[in-house]
Amino acid sequence: MQYTTLGRTGVKVSELCFGTMSFGGEADEKTSETMYRRCREIGINFFDTANVYSSGRSEEILGKLITKERDELVITSKVCGSMGSDINDKGLSRRHISQQVEASLTRLNTDRLDLYFVHNFDEDTPIDETLRALDSLVQQGKILYPCVSNWAAWQIAKGLGISARESLARFECIQPMYNLAKRQAEVEILPLAQSEQLGVIPYSPIGGGLLSGKYGVDKRPDSGRILEKDSYTKRYSLDIYYEVAEKFTQYANAQGVHPVTLAVAWVRTHPAITAPIIGGRNIEQLTPSLEAADFAMSAEMRAEIDALAPTPPPATDRLETQV
C-alpha cells in the first residue's frame, strides 16, 4: 500500500479509503469485520462512514472494530441527512451539527473525528452559520478537519472565502462523485481542489456497479444497486452510461484486468485524487477494488480509458478556444 498526504494537513493516508456504507445493512457484522480486517492487512488506514448509513449502525460496527487501533487510523463521518422524524433532525444548523457530532462520537467510541463532512448542501442554513459551528468543534477538539461532500464548486469556493475572511477552520477535504461515466467533477471541482490544496476522496469509483463488467447496452445482472435503489436507477438512467460501461468492460477484458480494478485505478491516478472510496457487500466483491492499490496504470492506458467516455466541456463551454 502506498500512502499520500491529505491536502495540506500533513496527515498521511492510504491511497485507498474504505467506505463502510454497507456495514449493518448489506453486510452483517461478521461480514463487515472480515472486510475491515482485510483492509487493515493490506495497509489501509483510512475509513469513511456517515451517521445516516444504516441509521447509525455503520458507525457502531466500525467503532467496535477500531477500538484497539484508533490512533493508527484516519476516521471520517458526516452530518446533514435526516436522523429522525423531528423537523429539526436534519440539515447543517449549529443545533443539528452539535447534536449529531456527539451521537457519532458515541457510536464510534472515539473522542474525535479526523475528518467531519457536511454531507450535502443545506439551502435553509447560511454557509457562515455552518462554518462557525464546525470551527467551534475544531476548537473543542471534537473534529480535526472540516470537510465537504456533494457541494458545487462555487459553494465550496464561497465557503473557503468565508473561512479565510473570518479566520475559521476551512474545508480541508472534499468528497465528490467521480467515475468514468460521471466525470462532471473534472470541470470545476477537481481544478478547485488542486488550486486550494484540498484532499479529494471521491465516492462511487465503479458507478454503483455500472463499471463492474455486469452492465452493457443490452446487459443487466439479476441484482445490483442500480436495479434495487431508486437513487442509483435515476443516477444511471441514460443510455450513454451503458454504452460507456460496455466499451470499458471490453477494454478491461482485452487488457486481462478485472473491470473493477481498472475503474478504481483510473480514478486513483487522476492527479487531484487523494484516495478513492471503495466498498463492497462482501469480501469477494471487495477484492478487485483492493487490487487497484498495486495496479500500475500508464499515462497511455489512462488516455485510452479517457477516450471511452465523453469528456465534459470546460466551465466556460468555449470548446473552440481549446488547443
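Counting pairwise Cα distances across the range 49-184, what percent come out greater than 21 angstrom?
Details: 3623 of 9180 pairs.
Tail of the P(r) past 21 Å holds 39 percent of the pairs.
Figure the gain on full extension for ARG37 and SER55 (residue separation times 0.36 nm, minus the Cα-Cα span) and round it to one decimal in nm. Show your work: numbers first, answer last.
Working: separation 18, 0.36 × 18 = 6.48 nm, distance 2.30 nm.
Length difference between fully extended and current span is 4.2 nm.
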GNM on the chain, Cα springs under 10 Å; top mean-square fluctuation among LEU144, LEU108, LEU211 goes to LEU144
Degrees, to the nearest 10: 29-41 long Cα axis against longest axis of the chain:
80 degrees
Enumerate cysteines in the chain without a disulfide-compatible partner, where compatibility requires another Cys Cβ under 4.7 angstrom.
CYS17, CYS39, CYS80
Mind scanning LYS12/LYS90; LYS64/LYS142; LYS12/LYS234 and naming the pairs with a C-alpha gap bigger than 26 Å?
LYS12/LYS90; LYS12/LYS234
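Can you give the FRET efficiency for ASP306 and ASP111, using 1/(1 + (r/R0)^6), R0 = 51 Å, r = Cβ-Cβ distance, to the nearest 0.05?
Numbers: r = 44 Å, r/R0 = 0.85.
In this case the efficiency is close to 0.70.
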Principal-axis tilt of helix 259-268 within the chain, Cα atoms, nearest 10 degrees
50 degrees
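Rounded to the nearest 5, what is the percent of antiparallel bridges among the DSSP beta bridges in the chain? Let's see the in-between values first.
Details: 4 of 27 bridges.
Counting only bridges with both partners in the chain, antiparallel ones make up about 15 percent.
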Under 13 Å from the Cα of LYS78, which aspartates and glutamates turn up, not counting those fewer than eight places away in the same chain?
ASP48, GLU59, GLU102, ASP114
What order do you get for LEU308, LEU134, LEU290 when you list them from fewest to most C-beta neighbours inside 10 Å?
LEU308, LEU290, LEU134
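Relative to the present Cα-Cα distance, how much length would full extension add between SER223 and SER237 at 0.36 nm per residue of separation?
Details: separation 14, 0.36 × 14 = 5.04 nm, distance 1.60 nm.
So the extension gain works out to 3.4 nm.
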So which aspartates and glutamates can LYS182 reach, going by Cα to Cα under 19 Å and dropping same-chain residues fewer than 8 places off?
ASP230, ASP239, GLU243, GLU246, GLU304, ASP306, ASP317
Using the number of other C-beta atoms within 10 angstrom as an exposure proxy, rank THR76, THR31 with the fewest first.
THR31, THR76
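Arrange CYS147, CYS39 by Cβ neighbour counts within 10 Å, fewest through most, would you? Kindly include the intermediate steps, with their values, before the conclusion.
Working: CYS147 28, CYS39 23.
Listed from fewest to most nearby Cβ atoms, that is CYS39, CYS147.
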By how many degrees, 0 to 90 and rounded to 10, does the Cα axis of helix 127-140 deviate from the longest principal axis of the chain?
70 degrees
Per residue convex hull volume, Cα atoms of the chain, in Å³:
141 Å³
Output needed for the range 58-129: three equivalent-ellipsoid semi-axes, defined as square roots of 5 times the C-alpha gyration tensor eigenvalues, in descending order, whole Å.
25, 13, 9
Cα-based Rg/(2.2 N^0.38 Å) for the range 250-323, rounded to two decimals, is 1.31
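Grab the DSSP H runs of the chain that are 4 residues or longer, score each as -39,500 (n - 2.57), total them, divide by all residues and round the 222 nm result to the nearest 500 deg cm²/dmol. Please list the in-between numbers first.
Details: 12 runs with 127 residues, N = 323.
Counting only the DSSP helices, I get -12000 deg cm²/dmol.
Average projected area of the Cα convex hull of the range 171-231, in nm²?
On the way: hull surface 20.1 nm².
Here the figure is 5.0 nm², rounded to one decimal.
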For the range 5-108, the Rg and Dmax computed from alpha carbons only, in angstrom:
14.3, 43
Need one number: % antiparallel among DSSP beta bridges in the range 3-86, to the nearest 5.
35 percent
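All of the numbers you see were taken from the coordinates with simple rules; none came from a lab. None of these values were measured; they are calculated from a predicted model. Cβ coordinates were reconstructed from backbone atoms using ideal geometry, including for glycine residues, and neighbour counts include every protein chain displayed.
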